[in-house]
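Laboratory data are not the source of any read-out in this text; all were calculated from the coordinates shown. Keep in mind that what you see is a predicted model, and the values were worked out from it rather than measured. With ideal geometry, Cβ positions are generated from the backbone for all residues, glycine too; neighbour counts draw on all protein chains shown.
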Amino acid sequence: MRENPFRALGISRRTRAPAGLASRSMESSPVATRYRVSLHRARGAWFARVIDLPGCVGHGATEVEALENARRVIRTYLQIARLLSVDPARIVLEISA
């Protein structure tokens with residue numbers, strides 16, 4: 001059986017999220033908010049997509065590296081969201097991709 005590379009990070013590995021699983025821990029809990037992450041393998045790299053934060057993706061050469069990068073990306077995402085929440089948009093535009 002393959003060794004669990006997530007054990008050192010304190011992460012349990014699941015192939016499928018259990019039904020009814022809350023995406024985040026309870027707000028009153030003193031433990032930091034937890035986010036569900038899906039791991040994908042593409043083009044020789046691993047991608048960790050944070051399910052609850054649209055556009056929030058970490059990548060790396062290994063599953064563990066992708067998860068560590070996802071943690072950094074989550075912190076950055078939340079920091080930017082806090083900054084934008086206190087400063088109203090000055091200009092709103094519609095553009096095409």
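From most to least packed by mean Cβ count within 10 Å, the peptides 43-56, 79-92, 61-74 give 61-74, 43-56, 79-92.
Within the shell defined by Cβ-Cβ distances under 15 Å, the residues around Arg72 carry a net charge of +1, with Lys and Arg each +1 and Asp and Glu each -1.
What is the range 53-97 by shape, rounded, prolate or oblate, if you read a ≥ b ≥ c off the alpha carbon gyration tensor as root eigenvalues and call it rounded for a/c under 1.5, prolate for a/b larger than b/c, and oblate otherwise? Note, shape of the range 53-97 comes out oblate.
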